There are 2 protein chains.
Amino acid sequence: MSFTEYPSRLLENAVNEFASLPGIGRKTAFRLVMNLLRRDSEEVRKFGETIMKLRDEIHYCKICNNISDTEVCSICSDHKRDKTTLCVVENIQDVMAIENTRQFRGVYHVLGGIISPVDGIGPSDLKIDNLEERVKTGGIREIIFALSTTMEGDTTNFYLYKKLSKYDVLLTTLARGVAIGDELEYTDEITLGRAIANRNPYHQC
Amino acid sequence: MSFTEYPSRLLENAVNEFASLPGIGRKTAFRLVMNLLRRDSEEVRKFGETIMKLRDEIHYCKICNNISDTEVCSICSDHKRDKTTLCVVENIQDVMAIENTRQFRGVYHVLGGIISPVDGIGPSDLKIDNLEERVKTGGIREIIFALSTTMEGDTTNFYLYKKLSKYDVLLTTLARGVAIGDELEYTDEITLGRAIANRNPYHQC
């Protein structure tokens, strides 16, 4: 069933808006709009307002570029966080993923992307200058490159390394190896090779 | 990756709103919100406004209950439509599906649901009284029951039949049979049995 004609322009506009979102086709968009129509007027108004507020009132932390309700995000303004250890990530999803591990007590720097010539994203499109500025200001002891193990991630790592190696900071990357729960038989050879080369002394957990 | 903590309450609210929609999980909701965040402020405001307008300004046609921008929908107010033939459907999706066939020139009556004791939907929850009122007013020659071939659809058909058979109108239902493109081998026996019983004289298309 392809909808060629909608009985209402308001309905059609709403379907078009939802269908403009990634992974939402016109049929799904229509289903979502019908769901909203069945709700209370007040509830739907809140939905619309939340979306409008989101874009207009949200801040990007002026220190680390993480999303924030305030000028400086809750991590950067937390006195208990270790400001000498900086973790460089691609986006805020990665900040949240690392925060969820509860293993990291340092601070972050969100690049807002990754160098990808294919997509036309160069170093100047990312918050790399701000990163160098933070390093120059001093007080940072270690920078952890926590980017994806893709060609784009490696390219960005290399670019950051060239930019930052002249400063007196320790540059590290996340450990690479066989993921917990993975079977060796199905692990790709590059990962397995690296895991053997970087083997650790055995200790019982 | 399950997000336990969001860096921003505005972000969290927006994710919650999208995740309240059917079939949208928290991860998808987050992806949609991130997409909105990358857009122009003006574009996102339009998105929010469209949703708010949708619920507040949309009308249900006072004659047939179809969704409409005006008090009377474009189908009911179209002088070229045959007002003597009424097609009873469950919802506006069904109106749009039938309109897309371009085979029907009559008018509709949208019940707004189907009798389903399991879901607690009884006749009084549907626009059945309005339908009877339209029939009483006169001028209707034929009523087509165009409901799903489910138990709920059959129940609703039977209820409507009992209500309306006392009036001088022809009551019909959609033809049931083997769907175009279906192979007999995989057609269920009830459908196939009905298709044999209701066989038609052969004519070349």
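Quick notes on this structure:
- Between B:LYS163 and B:LYS62, the FRET efficiency from the beta-carbon distance, with R0 = 30 Å, is close to 0.90.
- Working from Cα pairs under 8 Å separated by at least six residues, relative contact order for region B:1-116 is 16 percent.
- Extent of chain A along its three principal axes (Cα atoms, max minus min coordinate, largest first): 67, 47, 39 Å.
- Cross-link partners of A:LYS62 among lysines (Cα-Cα below 22 Å; sequence separation of 8 or more within a chain): A:LYS53, A:LYS80, A:LYS83, A:LYS127, A:LYS136, A:LYS163
- Euclidean distance of C-alpha centroids, region B:142-203 and region A:46-87, integer Å: 59 Å
- Dipole magnitude of region B:118-159, debye to nearest 20 (Cβ charges: Lys/Arg +1, Asp/Glu -1, about Cα centre): 260 debye
- Evaluated with a Cβ-only charge set (Lys, Arg +1; Asp, Glu -1), region A:102-205 carries a dipole of roughly 620 debye about its Cα centre, given to the nearest 20.
- Whole-Å semi-axes of the ellipsoid equivalent to region A:139-193 (Cα gyration tensor, √5λ, descending): 28, 13, 8
- In this Cβ point-charge picture (+1 for Lys and Arg, -1 for Asp and Glu), the protein assembly as shown has a dipole of about 480 debye about its Cα centre.
- Shape call, region A:96-180: gyration tensor on alpha carbons, a/c limit 1.5: oblate
- With contacts taken as Cα pairs under 8 Å at a separation of at least 6 residues, chain A carries a relative contact order of 12 percent.
- Share of alpha-carbon pairs per 10 Å distance bin for the protein assembly as shown, given as whole %: 4, 16, 20, 18, 13, 12, 10, 5, 1, 0
- Chain A: most fluctuating residue of A:MET34, A:MET151, A:MET52 per GNM, C-alpha cutoff 10 Å: A:MET34
- Beta bridge orientation in the protein assembly as shown: antiparallel %, DSSP, nearest 5: 20 percent
- Label-point gap, in nm, between A:GLU5 and A:ASP125 - each point 7 angstrom along Cα→Cβ: 4.3 nm
- Net +/- balance of residues flanking B:ILE75 in space, Cβ distance below 15 Å, scoring K and R +1, D and E -1: +1
- Cross-link reach list, aspartates and glutamates versus B:LYS166, counting only Cα pairs under 17 Å and skipping chain neighbours closer than eight places: B:ASP129, B:GLU132, B:GLU133, B:GLU142
- Efficiency of FRET from Cβ geometry, B:LYS83 and B:VAL178, R₀ 30 Å, rounded to 0.05: 0.35
- For region B:1-115, the Cα-based Rg and Dmax, in that order, read 19.8, 60 Å.
No lab work stands behind these numbers, since they all come straight from the coordinates. Fair warning: this is a prediction, and the values are worked out from it, not measured in the lab. Heads up, the Cβs are rebuilt from the backbone with ideal geometry, glycines too, and the neighbour counts pull from every protein chain shown.
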